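One structure below.
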Amino acid sequence: MVLSHMSYASNSSGANTTKEKKMFTVKEDIYTNDAGQIKAGKDGLPKGWAKGKLLARKGMEISDLQAKEWGLKDSKAKKPVENKAKG
């Protein structure tokens, strides 16, 4: 029997305990057009689009990384606010 690196390192449930994927639930249908723009549409294609390709349906779970790439999820880093009290 030959053990690969993956089968040797995995635990009994088959899940990798060192790295867990976080998931993002899609709130509206997500579409892309030929120009590469990605937008959400409530009832079919986004307003002003003649055609597009469906990327994800409402309620689907996608990875946080994919959501950030599509612009659906903002990063946690915020722009610093100027403190006007000091002056």
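The values are calculated or read from the model by the stated rules, or taken from the named source; none is laboratory data. In this text the structure is predicted, and so the values were computed from the model without any measurement. When we count neighbours, we look across all protein chains shown, and the Cβ atoms used for this are built from the backbone with ideal geometry, even at glycine.
Quick notes on this one:
- Residue under evaluation A40, criteria (1) free of Cβ contacts under 8 Å to residues at least 12 places away in the same chain; (2) touching a strand residue (DSSP E or B) at 6+ places or on another chain (Cβ under 9 Å), criterion not met: (1)
- Selected residue (criterion: modelled with the lowest pLDDT) from residues of the stretch 1-48 that are under 16 Å from G71 (Cβ atoms) and of a type in the set (F, W, Y): F24
- Strands (runs of 3 or more DSSP E) contained in the stretch 22-87 and holding at least 2 residues among the small types (G, A, S) and surrounded by 10 or more Cβ atoms within 10 Å (Cβ to Cβ): 38-41
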